[in-house]
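The values are calculated or read from the model by the stated rules, or taken from the named source; none is laboratory data. This is a predicted model, so every value here is computed, not measured. Counting neighbours? That spans all protein chains shown, and the Cβs are built from the backbone with ideal geometry, glycine included.
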Amino acid sequence: MFRAEVKERLALFENKNFFLFTVSGLFATFGNGLNYIALSWLAYNKTDSVKGVAIMMFCIWMPSILFAPLFGLLADRYNRKAQIIISNLVRGIVIVAWVLMWEMNIEPDLMILCSLLGVFISFYMPSAVPFIQSIVSEEDLVSANATIDMVYEFGTIVGMGLSGFILAVVGIKGTLLIGGILFIIAGLFNLAMRTVVMSENANKQSGSWWYNYTSSLRYFKSKPALFMPYMSQMIIMVLLMTIPIILVPYTREVLHASTRVFALYEALYSLGVLAGGFLSPVLCKKISIRKTLALLLLVMAGGLYILSVNDAVILVFPIYFLIGFGISSWALSISLSQLHCAPEYQGRLQATFNGLSGIFILAIYLLMAKEGNGLSSQGVYLAQSVLALAGIVIVLFYRKGEHRES
């Protein structure tokens, strides 16, 4: 089974577009990992408070909320490959230009940089999700999404893992410069991809941009089968973006553990994501996508609940691995939305639900900034466990569209 699965995954890379898209993602997530750590340090040092990091995240996430209708419409009406290229190239150019200006003693505001990055990050997902569907067959969709998710996680691990060493050697400016160059390389790989012809329905859209955007909401309302994939995707996105940030206060204030222990937890979490990305497509073939998604959410909910009542350092090692394993459900929720949603609406709906996720994510970041050390990390873990359980209820008991989930 293991050998057959590896062979199937490797066969995906014979598809030139899939290969180029995935390698581009590796460079982009490597650069993103470096930039995230460097920008976080810079934001913290400028304000001497975690509030600086919270404001940074606010600037990065706010564009995906404010401009969701526009970015979604662009993804559905215009060349998705071009928008993916723009997302990566412009992020790289903006970072490199910002570093060069800083080197010339012209120091632009950090939050302007973060806001610009947020705008062009927001370009990416609404175009990338339907683009993936257009370059692989339906039967390979789950394996393709899981493989891309594994590569993204690996790139992030390498970027964040090497960031400390790179910061020590070349400093914050040098680290940001390397991250920017990696984004540019990612954009060049995207440039080499073959352009995929969009459907005629996408090109036939007429009327105002607001009418075209709201037509996607009317489409969503008319297709009950879309509720479960997009709601589960939104829940998993909130968990994906908030579980890691709670680990720092939990490790320090509840476990009273060292930085080394924290690093081991992070490593096990990432290994769990990689393991889940490899094994989840196998489970889908055995028990269906829906049941596998529910199982992964259950693993995550159970792990989060244990963290909410646990203060033993040793127990967190296997639990954090299992939580990472469960978070790999993200790729399955993406696959379900691709299977059920017509390609000409995917960009708008993806942007809409990314924006809704962003509202909840920002609320948690701002709550952390406001409460500081007064915020109970175990209370947040309990709330996250309840959220994962809500996801299970939606996945298991909302029965529309099951015929395409075998």
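Against the conditions (1) in a helix (DSSP H, G or I); (2) of a type in the set (Gly, Ala, Ser); (3) touching a Ser or Thr at 6+ places or on another chain (Cβ under 7 Å); (4) surrounded by fewer than 19 Cβ atoms within 10 Å (Cβ to Cβ), Ala263 satisfies every one except (3).
Just a yes or no: is a residue in region 150-168 within 16 Å of the chain's Cα centre (by Cα) and of a type in the set (D, E, K, R)? Yes: one or more hits.
Output yes when any residue across region 32-39 is closer than 25 Å to Ile135 by Cα, in a helix (DSSP H, G or I) and at pLDDT 90 or above, and no when none is.
yes
All conditions in (1) in a helix (DSSP H, G or I); (2) more than 26 Å from Pro130 (Cα to Cα) hold for Val273, with the sole exception of (2).
Screening region 311-398 for helices (runs of 4 or more DSSP H) wholly inside it with 2 or more residues that are aromatic (Phe, Trp, Tyr), over 17 Å from the mean Cα position of the chain (by Cα) and buried (at least 16 other Cβ atoms within 10 Å of the Cβ) returns the ranges 313-327.
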